[in-house]
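Everything on this sheet refers to the single structure shown next.
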Amino acid sequence: MLSLLPDNLNSQVCLDLACGSGRYMRLMQSRQAQQVFGVDYSADMLAQASNSPFSINNLKLVRSTFLALPFAATTFDFITCGLAVGHEKNLDRTLAEIARVLRPGGAVIYSDFHPFATLSGWQRSFKTGSGHTVTLEHYLHLYSDHQRACQAAGLTIEAVREPVAGEYAPPGSQQVPAVLVIQAVKTKH
Ligand SMILES: C[S@@+](CC[C@H](N)C(=O)[O-])C[C@H]1O[C@@H](n2cnc3c(N)ncnc32)[C@H](O)[C@@H]1O
């Protein structure tokens, strides 16, 4: 995501979908975005984002699912969505909604748990404060699914990154791509 994020977002109205604790919002703000919106359906994650030590004069947090965004069509110049589309089964609907709120010529950069990682049996899990392991549901989306969903939404894929997990991977699978990152531009209404 970082390797594709523009250095300068001057005057752009930006949206971070599934913003979580807001790390991409902070980056967009530091790259001179005119306004940065963050959307997440988790009130707890939005609370984390609003507690972060960044100035909030041009940041706005909105609680919503990314499947039905409370924004007018063509509102945004630039959108990020990190590691979230795999939480939803319907990739076509997710990308159609992203494309709806993006202006023609605007760009989206989004990432997903890589299908190779899913097919290698990796799981999306975390440990709670009490040491409990929680495994999240994750839907497999192949690259062809992304390609089809982007095309149907009027998004043209311009760049793809597939970083490997390296030292974070389970033993023996350091070379398995961990994340699929896609940069696409809205080319059709
Ligand atoms: C793995 S976290 C990634 C957070 C952030 N994008 C980042 O990279 O730091 C996934 C986030 O997606 C949010 N999420 C999952 N499905 C969503 C949906 N349908 N609508 C809005 N947010 C969603 C979760 O609440 C969570 O904050």
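The values are calculated or read from the model by the stated rules, or taken from the named source; none is laboratory data. Fair warning: this is a prediction, and the values are worked out from it, not measured in the lab. Positions of Cβ are generated from backbone atoms using ideal geometry, with glycine treated the same way; all protein chains shown enter the neighbour counts.
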Residue, surrounded by the most Cβ atoms within 10 Å (Cβ to Cβ), within region 106-139, restricted to residues that are within 16 Å of the chain's Cα centre (by Cα) and in a loop (DSSP other than H, G, I, E, B): His114
Answer yes if at least one residue in region 161-174 is modelled with pLDDT of 95 or more and either touching a Ser or Thr at 6+ places or on another chain (Cβ under 7 Å) or among the charged types (D, E, K, R) (or both), and no otherwise. yes
Looking at Ala96, Ala84, which one is aliphatic (A, V, I, L, M), surrounded by fewer than 18 Cβ atoms within 10 Å (Cβ to Cβ) and either in contact with a Gly (Cβ under 7 Å, 6 or more places away or on another chain) or closer than 26 Å to Gln34 by Cβ (or both)? Ala96
Listed by first then second residue, the pairs whose first member lies in region 75-97 and is free of Cβ contacts under 8 Å to residues at least 40 places away in the same chain, whose partner is crowded, with 17+ Cβ neighbours inside 10 Å, with beta carbons under 8 Å and at least 6 positions apart or on separate chains, are Glu97/Phe66; Glu97/Leu69
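Quick check, is Thr80 within 11 Å of the ligand (Cβ to nearest atom), within 17 Å of Ile109 (Cα to Cα), part of a helix (DSSP H, G or I) and at pLDDT 95 or above?
So Thr80 fails the test.
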Being touching a strand residue (DSSP E or B) at 6+ places or on another chain (Cβ under 8 Å), among the basic types (Lys, Arg), at pLDDT 95 or above and within 11 Å of the ligand (Cβ to nearest atom): is that true of Arg124 here? no
Just for region 21-54: of the residues that are in a strand (DSSP E or B) and among the small types (Gly, Ala, Ser), which one is nearest to the ligand (Cβ to nearest atom)? Gly38
Tabulated pairs, region 10-35, first crowded, with 24+ Cβ neighbours inside 10 Å, second assigned to a loop (DSSP other than H, G, I, E, B) and β-branched (Val, Ile, Thr), C-beta under 8 angstrom, 6+ apart or interchain: Leu15/Thr75
Looking at (1) more than 8 Å from the ligand (Cβ to nearest atom); (2) out of contact with any Lys or Arg (no Cβ under 8 Å at 6 or more places or on another chain); (3) not in a loop (DSSP other than H, G, I, E, B), which is the only condition Thr94 fails? (1)
Those residues of region 61-77 which are away from the ligand (no atom under 15 Å from the Cβ) and not in a loop (DSSP other than H, G, I, E, B), in sequence order: Phe76, Asp77
In this structure, is Val181 at pLDDT 95 or above, more than 16 Å from the ligand (Cβ to nearest atom), under 22 Å from Ala18 (Cα atoms) and part of a strand (DSSP E or B)? no
